[in-house]
Amino acid sequence: MNPILGIDFGRVRIGLAISDELRLLAHPLQTIPANKDSVNRIAEIVRERQIDKIIVGVPRHMSGQFGESANEALAFASQLRVHLRCSIELWDERLTTVAAQRALREAGKKTRKTRHIVDQVAAQVILQGYLDRENNAAAS
């Protein structure tokens, strides 16, 4: 199986994570700037890594409603769909950045020094949630 790419979209940075080939574990990959070249950079990664599915985190409010950030993530997913042939799915990513920051703190990393990786870890949390759901469904 080909790996899956997880995306934590942000206005300034986009965190990326990738699954292993068995699609059991998600690993941080990199953080890229959120700019006009973001879609092209992700397309390059998709080609290089032979990705056939992308999971884009959508940050809903706790009520489940879409806010401005969620709408921006949805618009970014739409841009990806125009430029890429692989499957693109959306994932509810409520509190993933909080979970990523907590995990880094628990690993002894200082918040100020983790800004460059927190987006990758958030993407990892998004992707791992997706992988766990898919693997649990397959096991049932």
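The values are calculated or read from the model by the stated rules, or taken from the named source; none is laboratory data. Note that the structure is predicted; figures quoted are calculated from it, not measured. Heads up, the Cβs are rebuilt from the backbone with ideal geometry, glycines too, and the neighbour counts pull from every protein chain shown.
General observations
- Matching entry among 45, 32, 51 (being of a type in the set (Val, Ile, Thr), surrounded by fewer than 21 Cβ atoms within 10 Å (Cβ to Cβ), in contact with a helix residue (DSSP H, G or I) (Cβ under 6 Å, 6 or more places away or on another chain) and at pLDDT 95 or above): 32
- Considering residues of segment 123-140 that are of a type in the set (S, T, N, Q) and either surrounded by fewer than 16 Cβ atoms within 10 Å (Cβ to Cβ) or in contact with a Phe, Trp or Tyr (Cβ under 6 Å, 6 or more places away or on another chain) (or both) only, the residue nearest to residue 18 (Cα to Cα): 135
- Of all residues in segment 84-140, those that are in a loop (DSSP other than H, G, I, E, B) and either within 22 Å of residue 47 (Cα to Cα) or modelled with pLDDT under 80 (or both) total 10.
- Condition check for residue 70: out of contact with any helix residue (DSSP H, G or I) (no Cβ under 9 Å at 6 or more places or on another chain) and at pLDDT below 95: yes
- Test for residue 23: is it surrounded by 12 or more Cβ atoms within 10 Å (Cβ to Cβ) and modelled with pLDDT of 95 or more: yes
- Residue list for segment 12-66, filter: of a type in the set (D, E, K, R), part of a loop (DSSP other than H, G, I, E, B) and farther than 15 Å from residue 122 by Cβ: 20, 21, 23, 36, 37, 52
- Every condition in (1) in contact (Cβ under 8 Å) with a residue 40 or more places away in the chain; (2) of a type outside the set (Ser, Thr, Tyr); (3) in contact with a Ser or Thr (Cβ under 7 Å, 6 or more places away or on another chain) is met by residue 59 except one, and the failing one is (1).
- Condition check for residue 53: of a type in the set (Lys, Arg), in contact with a Leu (Cβ under 8 Å, 6 or more places away or on another chain) and more than 23 Å from residue 117 (Cβ to Cβ): yes
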